[in-house]
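The structure appears below as structure tokens.
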Amino acid sequence: MMTGALSKSVVFITGTFISNNCWDEWKSYFETKGYTCIAPAWPFKNASSEELRNRPAIDGIALNTLTSLTDHFASLINELPQKPILIGHSLGGIVVQLLLQHELGIAGVAIHSFPPQGINRFWLSFLKAIWETMVLFSSSKKTYLMSFNKWRFTIANGMEYEQQKELYYLYAIPESKKIIREAFKCAAKIDFRKSHAPLLFTSGGNDMLIPSSLNYSNYKKYSAGNSTTDYEEFKDHGHLVFGNHAWKKEADHILYWLSELDS
């Protein structure tokens, strides 16, 4: 539990390969519950998904790293009148963990989060899904756009074909190769023993990109006894919690968890 009223300001942090417009339903829903919400675009991504997909492969997006992205959100947060609640999806979950480590949030939620350094990431399903996105033997000066087939089976698995196609058109964008590669290095290091603001992990039992076991390992790694760390698995959910039935169920659980912190 927390003393005093919990902040009603929320910063949504997008993951890789997806546009920040994915948070539109979440923002509207949280705003009906009294929250003030923003979902800032990553650097060089402040455009429509279609426009970003049609840009040349050599683009500013390719310059993004995990360090620069974390610094970007830290700067945005420092301009806010109060510390916000941080909610991140996928790689945005690591950014939430890093920002909380720097005491830049009043609470945090990591949704189907990319595992930081210090978690055993040698799970076959995870490595198989992530290997292509790292594109290790290609130029880091060029962006990488996930194919629709890759999207279907790793990001939007478990959905009908037509819905997968629709969400690819709505959300899919090119990504920096540097940011994926750096997520395996010390830039993604978390001090799990340090006291931190309340942190909730959620996972999907059908997540083909980041298995629930990795999210659970991430959660269990925290050892500061005076800090709140919680975990919830949604057994029938895949990786994508936008544009389908999964988002509302997870959003409701997060809202409940926040209300409990504030009680």
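The values are calculated or read from the model by the stated rules, or taken from the named source; none is laboratory data. Bear in mind that the values here come from a model prediction, so they are computed numbers and not experimental data. Don't worry about glycine lacking a Cβ; one is built from the backbone with ideal geometry, like all the others, and counts go over all protein chains shown.
Going through region 31-61 one residue at a time, which ones are small (G, A, S), more than 10 Å from T143 (Cβ to Cβ) and over 20 Å from the mean Cα position of the chain (by Cα)? Quick ask: steps written out before the conclusion?
Residues of region 31-61 that are small (G, A, S), as a first pass: 34, 39, 41, 47-49, 57, 60.
Within this subset, residues satisfying the condition of being more than 10 Å from T143 (Cβ to Cβ) are 34, 39, 41, 47-49.
Result: G34, single match.
The rows are residues; the columns are (1) touching a His at 6+ places or on another chain (Cβ under 9 Å); (2) of a type outside the set (A, V, I, L, M); (3) surrounded by 22 or more Cβ atoms within 10 Å (Cβ to Cβ); (4) free of Cβ contacts under 8 Å to residues at least 12 places away in the same chain.
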residue	(1), (2), (3), (4)
A57	no, no, no, no
L76	no, no, no, no
G88	no, yes, yes, no
Q101	yes, yes, no, no
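Inside region 154-169, can you point out the residues that are touching a residue at least 12 places away in the same chain (Cβ under 8 Å) and hydroxyl-bearing (S, T, Y)?
Initially, region 154-169 is screened for residues touching a residue at least 12 places away in the same chain (Cβ under 8 Å), giving 154-159, 163-169.
T154, Y168, Y169 - these are the residues of region 154-169 that are touching a residue at least 12 places away in the same chain (Cβ under 8 Å) and hydroxyl-bearing (S, T, Y).
When region 99-121 is examined, which residues are found to be modelled with pLDDT under 95 and of a type in the set (A, V, I, L, M)?
Of everything in region 99-121, just one residue is modelled with pLDDT under 95 and of a type in the set (A, V, I, L, M), namely I119.
Return the residues of region 177-204 that are among the basic types (K, R) and either buried (at least 22 other Cβ atoms within 10 Å of the Cβ) or closer than 29 Å to I58 by Cβ (or both); say none if nothing qualifies. Break it down stepwise before answering.
Step one: list which residues in region 177-204 are among the basic types (K, R), which gives 177-178, 181, 185, 189, 193-194.
Once the filter is applied, which keeps residues that are among the basic types (K, R) and either buried (at least 22 other Cβ atoms within 10 Å of the Cβ) or closer than 29 Å to I58 by Cβ (or both), region 177-204 yields K177, K178, R181, K185.
Failed condition for D207, given (1) touching a His at 6+ places or on another chain (Cβ under 9 Å); (2) crowded, with 22+ Cβ neighbours inside 10 Å; (3) over 27 Å from Y29 (Cβ atoms), with all others met?
(3)
Anything in region 150-176 that is in contact with a strand residue (DSSP E or B) (Cβ under 9 Å, 6 or more places away or on another chain), over 28 Å from G105 (Cβ atoms) and of a type in the set (D, E, K, R)? List them, or say none.
none
What's the number of the condition D230 fails, among (1) over 19 Å from S49 (Cβ atoms); (2) in contact (Cβ under 8 Å) with a residue 24 or more places away in the chain; (3) part of a helix (DSSP H, G or I); (4) more than 16 Å from the chain's Cα centre (by Cα)?
The single condition D230 does not satisfy is (3).
Go through region 219-241 and give me each residue that's within 27 Å of N21 (Cβ to Cβ) and of a type in the set (S, T, N, Q).
none
Which condition breaks for W257 when tested against (1) out of contact with any Pro (no Cβ under 9 Å at 6 or more places or on another chain); (2) in a helix (DSSP H, G or I); (3) of a type in the set (F, W, Y)?
(1)
Check off (1) at pLDDT 95 or above; (2) not in a helix (DSSP H, G or I) for K249 and give me the number that stays unchecked.
(2)
Which one of these is farther than 26 Å from T67 by Cα and crowded, with 17+ Cβ neighbours inside 10 Å: N218, N226, N157? Give the steps one after another, and end with the answer.
On the way: N218 fails: farther than 26 Å from T67 by Cα; N226 fails: crowded, with 17+ Cβ neighbours inside 10 Å.
That would be N157, the only listed residue that is farther than 26 Å from T67 by Cα and crowded, with 17+ Cβ neighbours inside 10 Å.
Could you pull out every one of the helices (runs of 4 or more DSSP H) wholly within region 1-115 that has 1 or more residues that are in contact with a Leu (Cβ under 6 Å, 6 or more places away or on another chain), of a type in the set (S, T, N, Q) and farther than 26 Å from S263 by Cβ? I'd like the intermediate steps shown before the answer.
On the way: elements: 24-32, 49-53, 66-78, 91-101.
Hits in region 1-115: 66-78.
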